[in-house]
Amino acid sequence: NLLPFSGHAFQALGDEDLSLDSIRAYNDFLTDFASVDPNRFVLLSVLPYWDVEASIKELLRCRDKGHHGVCFLSKPYKIGLPPLQDPHWEPLFSVAQETGMSLNFHVGFQEFSEDDFKSMLSAKAARADYAKLSAMSYLGNAETLADLTLHGVCHKYPDLKFVLVESGCGWLPYYIEALDWQWHNSGAAKAYPAMEEPSFYFRRQVYGSFWFEKDTVTRMIDLYADNL
């Protein structure tokens, strides 16, 4: 289960063929695991994202095996790759849109450093620090949502679905309202007249998720019932 959180571990193997074989093996394991009840389990592939061409091939291979989307890195720049809005990703995003494969951004993917993981898992780690890091990580997808809605990713790929995974939803109504306000306050609305407000793109193609929330989730349901 940690592999989708830390997909860069595949790249760190240091051998291109071994990395690709490991990714294929993991995705095939998912296919086998979910085969007992494909109506219940939602298959999300891991890709060799450091190689766009290889990622497209693996996406298509997994799509043919019944996968529904990919678990993608939300902050590529943290490992020296272009940001999500860079043309570098256009071939992959175009194929994902054409095939109906969603892009899923897990809150743990590239949010924690190796040192963070070590400190959280250490027997000497303070449980309060673990709680702090975990809670703070939920807001990591805020940057991803801004990149998707402010920098034209949603605008360019109107049929591509994006999912913010395991980051909760209570913060989303406030943050979306803040993005809309800043879209106008900053002058971006006038600078990019062809684009809509961030809330428009969120409502059309972005989804949040929740599991422990009780009070805050009701506000999200009131405002964005179709985006959970």
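Once segment 149-162 is narrowed to residues that are open to solvent by 10 Å² or more (accessible area, probe 1.4 Å) and in a helix (DSSP H, G or I), the residue that is farthest from residue 178 (Cα to Cα) is 156.
For every residue, the table says whether it meets (1) among the hydroxyl-bearing types (Ser, Thr, Tyr); (2) assigned to a helix (DSSP H, G or I); (3) over 23 Å from residue 74 (Cα atoms).
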{"site": "115", "(1), (2), (3)": "no, yes, no"}
{"site": "129", "(1), (2), (3)": "no, yes, yes"}
{"site": "133", "(1), (2), (3)": "no, yes, no"}
{"site": "140", "(1), (2), (3)": "no, yes, no"}
{"site": "147", "(1), (2), (3)": "no, yes, no"}
{"site": "193", "(1), (2), (3)": "no, no, yes"}
{"site": "203", "(1), (2), (3)": "no, yes, no"}
{"site": "214", "(1), (2), (3)": "no, no, yes"}
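Of all residues in segment 164-184, those that are within 16 Å of residue 74 (Cβ to Cβ) have Cβ atoms under 7 Å from Cβ atoms of residues that are assigned to a loop (DSSP other than H, G, I, E, B) and of a type in the set (D, E, K, R), 6 or more apart or on another chain, in 168/213.
So which residues in segment 58-77 are more than 22 Å from residue 34 (Cα to Cα) and in contact (Cβ under 8 Å) with a residue 60 or more places away in the chain? Those that are more than 22 Å from residue 34 (Cα to Cα) and in contact (Cβ under 8 Å) with a residue 60 or more places away in the chain: 73, 74, 75. Can you find a residue that is surrounded by fewer than 19 Cβ atoms within 10 Å (Cβ to Cβ) and modelled with pLDDT under 95 anywhere in segment 86-103? Checked segment 86-103: no residue is surrounded by fewer than 19 Cβ atoms within 10 Å (Cβ to Cβ) and modelled with pLDDT under 95.
What are the pairs with Cβ atoms under 7 angstrom where one residue, in segment 197-211, is more than 18 Å from residue 102 (Cα to Cα) and the other, located anywhere, is β-branched (Val, Ile, Thr) and crowded, with 21+ Cβ neighbours inside 10 Å? Sequence gap at least six, or different chains. If the second residue must be β-branched (Val, Ile, Thr) and crowded, with 21+ Cβ neighbours inside 10 Å, the pairs left are 198/149; 198/176; 199/176.
Let's see how each residue does on (1) among the hydroxyl-bearing types (Ser, Thr, Tyr); (2) within 12 Å of residue 160 (Cα to Cα); (3) part of a loop (DSSP other than H, G, I, E, B):
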{"position": "74", "(1), (2), (3)": "yes, no, yes"}
{"position": "78", "(1), (2), (3)": "no, no, no"}
{"position": "83", "(1), (2), (3)": "no, no, yes"}
{"position": "88", "(1), (2), (3)": "no, no, no"}
{"position": "91", "(1), (2), (3)": "no, no, no"}
{"position": "98", "(1), (2), (3)": "no, yes, no"}
{"position": "105", "(1), (2), (3)": "no, no, no"}
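Which ones in segment 70-88 are closer than 16 Å to residue 154 by Cβ and within 14 Å of the chain's Cα centre (by Cα)? Across segment 70-88, the qualifying residues are 72, 74, 83, 84, 85.
Residue by residue, here is whether (1) open to solvent by 50 Å² or more (accessible area, probe 1.4 Å); (2) over 21 Å from residue 203 (Cβ atoms); (3) under 10 Å from the mean Cα position of the chain (by Cα); (4) not aliphatic (A, V, I, L, M) holds:
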site: 132; (1), (2), (3), (4): yes, yes, no, yes
site: 139; (1), (2), (3), (4): yes, no, no, no
site: 143; (1), (2), (3), (4): yes, no, no, yes
site: 146; (1), (2), (3), (4): no, no, no, no
site: 164; (1), (2), (3), (4): no, no, yes, no
site: 168; (1), (2), (3), (4): no, no, no, yes
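For segment 178-199, a tally of residues being under 28 Å from residue 69 (Cα atoms) and open to solvent by 90 Å² or more (accessible area, probe 1.4 Å) returns 0. List pairs: first in segment 30-57 and under 27 Å from residue 81 (Cα atoms), second assigned to a loop (DSSP other than H, G, I, E, B) and open to solvent by 80 Å² or more (accessible area, probe 1.4 Å), Cβ under 6 Å, 6+ apart or cross-chain? Between residues of segment 30-57 that are under 27 Å from residue 81 (Cα atoms) and residues that are assigned to a loop (DSSP other than H, G, I, E, B) and open to solvent by 80 Å² or more (accessible area, probe 1.4 Å), the close pairs are 43/68.
For segment 210-228, residues that are hydroxyl-bearing (Ser, Thr, Tyr) and at pLDDT 95 or above total 1. State all residues of segment 200-217 that are surrounded by 11 or more Cβ atoms within 10 Å (Cβ to Cβ) and not charged (D, E, K, R); if no residue qualifies, say none. If the condition is that a residue be surrounded by 11 or more Cβ atoms within 10 Å (Cβ to Cβ) and not charged (D, E, K, R), then 200, 201, 202, 205, 206, 207, 208, 209, 210, 216, 217 are the ones that fit. Considered as a group, the residues in segment 128-159 that are in contact (Cβ under 8 Å) with a residue 12 or more places away in the chain and acidic (Asp, Glu) include one that is nearest to residue 100 (Cα to Cα), and that residue is 159.
The values are calculated or read from the model by the stated rules, or taken from the named source; none is laboratory data. Quantities reported herein were computed from a predicted structural model and do not represent experimental measurements. For neighbour counting, all protein chains shown are included, and Cβ atoms are generated from backbone atoms with ideal geometry for every residue, glycine included. Please note that ligands, DNA and RNA were not included when accessible areas were found on the heavy atoms of the full protein model with its side chains. Shrake-Rupley method; radii C 1.70, N 1.55, O 1.52, S 1.80 Å.
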